[in-house]
Amino acid sequence: MRFLKPNVPMRFSLVAAGLLSAGQALAQTGDEPVELTMYYPVAVGGALTDVVDDLVEDFEAEHPDIDVEAIYAGNYDDTRVRAMSAIEAGDAPQLSVMFSIDLFDLIEQDAIVAFDDLVETEEEQAWLDSFYPGLMENGQLDGQTYGIPFQRSTIVLYWNKDAFEVAGLDPEQPPETWEEMAEMGAAVREASGGEQWGVMVPSTGYPYWMFQAFAFQNGHRLMSEDGTEVYFDDPAAVEALEYWVSLADEHAAMPDGTIEWGTLRQNFLEQSTAMIWHSTGNLTAVRNDADFDFGVAMLPMKTQRGSPTGGGNFYLFKDTTEEEQQAAMTFIRWMTSPERAAAWSIETGYMGVSPEAYETEALQRYVEEFPPAAVARDQLEHGTAELATYQGGRVRRALDNAVQAALTGQMTPEEALTQAQREADAALRRYAR
Amino acid sequence: MIQNADRRMQIYGALLLLPAAVLLATFAYLPTVATLVNSLFLPGFRGEPATFVGLENYQLLIEDDTFWQVARNNLLYALGTIPTSIALALGMALLVNARLPGRGFVRMAYFTPTILPMIAAANIWMFFYAPQIGLFNALLGWLGLPGVNWLGDPGVALGSVIVMTVWKEAGFFMIFYLAALQSIPPELEEASNLEGTSRWSFFWRVTFPLLMPTTLFVLINALINAVRVVDHLFILTKGGPNNATNLLLYYVYENAFSFFDRTYAATITVVILLVLAVVATVKFTVLDRRTHYQ
């Protein structure tokens, strides 16, 4: 599944962001084009590889002095493996889109450089400051910026208006609180005579991410900012997991056992559930395939609204020449410019990464005709950083196991989270500052 | 003069062995040694070089509950997949070796799962298993039975993975049995028909013993696959729920690439290698004595 870019630009784009000319001039030093390799992941549905290929083609048309080879590398985990193996083999890519939460591991492997080291002009600094602060949280450490937001998302609630109507609920009124979501889910389940589930929250793939949303809605943040401590066994976290489990156990609004991340969109499209929690990155795919009326809302609240951000950031790698780093910067600035960010958001459902993106004509028009496109952005003010710590793989796995153990009835939420805390503490014991 | 010719033959022999020896050393023995050496180190903390810790990783491994659970899963997985897929392969081979209408089509149908890449097969099966929209629960629904959360219930998930693996592997093993069946001389059957041997005893007394070399080969292959092929886990369960379907090699992968703990991954690999070596040795020494090569 390798998508090689043709060297000859095939399409010429007329959209040229003026602020890029500086970077372009810098990169034009030799006659040979600078060659860049970039790995990128796709974690949701839809033909996103085509979208990326088109963007890269447009870029190459505008910048004949830079060749970008964009390689689709699978999901976030696969992409990390591909990039890390390439680095170990001495064939480091110049840049990649990787999981925003890979930050700590990449720093520990001494693989990436901070953007602050490359930024020279005021204009470049302005670009670095142009993104939503909520999306920068996962990309910064000790005051340095290592990750530039690109395919970023929050979790949103998709609801089936037709199903709500059949169940005698107001089709325009999504659940505002945990209690409402449980009640509405149970109502749908009952009205359908057991044919349709009320709500599904995926518990494979990225269970820790969904759990973070529940915990944050209950006013609890699961980790310290420096990534050296986690707080899984806090009573607020236990309560959050108890609520998640109760959706199946008590309210009979959600099926027992774990719910598969990969098939969940299909579940929603085939109307086997009236509500799902999923990445906003699915929005365009759902819109294209749904043959019923659906809405998108912020997640319900307990004590506050909330969703972790998620998704992928651009990283710059070490062991590359200065010329390559500048060219990579040029490319990243182009990809994250308001026009590109707007186009990317429209094609996928991922968020426009900067306020300017939502001020572009294209995205304004799109949001007007399709208001769900703005939900993820509006929710951003209630956002929190995605779970990111040192030893991230182990820590996330410990929490994933706890969530699954509780949902499948192997342990109580409290037992499961206590065990996860113990495992995470063991993994982090060398990092306490 | 004779000595000289002898010597030349030796050099000639050694040269013939050389390409294989070089390839094996580069891609099998050197990595094995490197893995063994790696397993004696701890990864460096924050960019420091790795530190030698002797057998500490092995100590950690013994205390690691997840490792034991994963090892148990893998044992169940092997016990679930190997005998079933071999028996099924033999049955299918006997069937399509006999005269039956549309034989070519049936053979192809049995072999199709083998041609599919594991990842593609797993993606198809994920939708078979999907609780609300999947094929299996739809079938159960027609029978009026409640659906099962095939991959999401820790009590069922490993069984679901096993069933898919058997489906995938049986057709491949069938090909070996089919080839072996066709190399059995027809005189044997004619002779036994003259003697009035029943088909049942002909199978057990003649066919099955003659198939023993194939069975041994298939057995070893099935064992290797039970440890070596975990592609489907990436799609179906990612080792979950709560490690219920985690297998040894997937655990190695997680440690090496999700947890960046290469040395612990190396430790598990060494243990896997040891166990496989022991099992393979036992198989060859015990079964070889009962195997009749023609």
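The values are calculated or read from the model by the stated rules, or taken from the named source; none is laboratory data. Everything numeric here is computed off the predicted structure, so don't read it as measured data. Positions of Cβ are generated from backbone atoms using ideal geometry, with glycine treated the same way; all protein chains shown enter the neighbour counts.
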With the requirement that a residue be without any contact (Cβ under 8 Å) to a residue 24 or more places away in the chain and at the interface with another protein chain (Cβ under 9 Å from one of its Cβ atoms), what does the stretch A:413-433 give you? A:Arg430
Pull out all pairs, ordered by first then second residue, where Cβ-Cβ is under 7 Å, the residues are six or more apart or on different chains, the first lies in the stretch A:255-269 and is at the interface with another protein chain (Cβ under 7 Å from one of its Cβ atoms), and the second is in a helix (DSSP H, G or I) and of a type outside the set (Asp, Glu). A:Pro255/A:Ala248; A:Asp256/A:Ala248; A:Gly257/A:Leu407; A:Thr258/A:Gln404; A:Thr258/A:Leu407; A:Gly262/B:Met126; A:Thr263/B:Met126; A:Thr263/B:Phe127
Provide a single number: the residues in the stretch A:179-200 that are over 19 Å from A:His278 (Cβ atoms) and part of a loop (DSSP other than H, G, I, E, B). 4
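Tell me which strands (runs of 3 or more DSSP E) are completely within the stretch A:255-366 and hold 3 or more residues being under 16 Å from the mean Cα position of the chain (by Cα), or say none if there are none.
Details: elements: A:273-279, A:294-297, A:307-317.
Fully inside the stretch A:255-366 and qualifying: A:273-279, A:307-317.
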Hey, B:Pro101 crowded, with 16+ Cβ neighbours inside 10 Å and either modelled with pLDDT of 90 or more or away from chain A (no Cβ under 12 Å) (or both) or not: no
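Taking into account only those residues within the stretch A:104-128 that are of a type in the set (Asp, Glu) and surrounded by 15 or more Cβ atoms within 10 Å (Cβ to Cβ), which is farthest from the other protein chains (Cβ to nearest Cβ)?
Initial filter on the stretch A:104-128 (of a type in the set (Asp, Glu)): A:105, A:108, A:110, A:116-117, A:120, A:122-124.
If we keep only those that are surrounded by 15 or more Cβ atoms within 10 Å (Cβ to Cβ) too, we end up with A:105, A:108, A:124.
Values: A:Asp105: 6, A:Glu108: 6, A:Glu124: 28 Å.
Checked the stretch A:104-128; the qualifying residue farthest from the other protein chains (Cβ to nearest Cβ) is A:Glu124.
Looking at this structure, is A:Thr228 in a loop (DSSP other than H, G, I, E, B) and under 18 Å from A:Val156 (Cα atoms)? Before the answer, list the steps.
Details: in a loop (DSSP other than H, G, I, E, B): yes; under 18 Å from A:Val156 (Cα atoms): no.
When the stated conditions are applied, A:Thr228 does not pass them.
In the set B:Pro186, B:Pro213, which member is of a type outside the set (Lys, Arg) and in contact (Cβ under 8 Å) with a residue 40 or more places away in the chain? Outline the logic, then answer.
Working: B:Pro186 fails: in contact (Cβ under 8 Å) with a residue 40 or more places away in the chain.
Testing whether each residue is of a type outside the set (Lys, Arg) and in contact (Cβ under 8 Å) with a residue 40 or more places away in the chain leaves just B:Pro213.
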Filter result (in contact with a Phe, Trp or Tyr (Cβ under 9 Å, 6 or more places away or on another chain), facing chain A (nearest Cβ under 9 Å) and touching a residue at least 12 places away in the same chain (Cβ under 8 Å)) within the stretch B:240-262: B:Asn243, B:Tyr253, B:Asn255
Among (1) outside any loop (DSSP other than H, G, I, E, B); (2) of a type in the set (A, V, I, L, M, F, W, C); (3) farther than 27 Å from B:Val230 by Cα, there is one condition B:Ile184 misses while meeting the rest; what is its number? (1)
The conditions are (1) more than 14 Å from chain B (Cβ to nearest Cβ); (2) farther than 23 Å from B:Tyr251 by Cα; (3) touching a residue at least 12 places away in the same chain (Cβ under 8 Å); (4) not hydrophobic (A, V, I, L, M, F, W, C), and A:Glu368 fails exactly one of them. Which is it? (3)
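Against the definition (farther than 18 Å from A:Glu225 by Cβ, without any contact (Cβ under 8 Å) to a residue 60 or more places away in the chain and surrounded by fewer than 20 Cβ atoms within 10 Å (Cβ to Cβ)), how does A:Leu169 come out, yes or no? Quick ask: steps written out before the conclusion?
Details: farther than 18 Å from A:Glu225 by Cβ: yes; without any contact (Cβ under 8 Å) to a residue 60 or more places away in the chain: yes; surrounded by fewer than 20 Cβ atoms within 10 Å (Cβ to Cβ): no.
Spelling it out, it is not the case that A:Leu169 is farther than 18 Å from A:Glu225 by Cβ, without any contact (Cβ under 8 Å) to a residue 60 or more places away in the chain and surrounded by fewer than 20 Cβ atoms within 10 Å (Cβ to Cβ).
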Unmet criterion (only one of (1) in contact (Cβ under 8 Å) with a residue 12 or more places away in the chain; (2) polar (S, T, N, Q); (3) within 14 Å of chain B (Cβ to nearest Cβ)) for A:Gln410: (1)
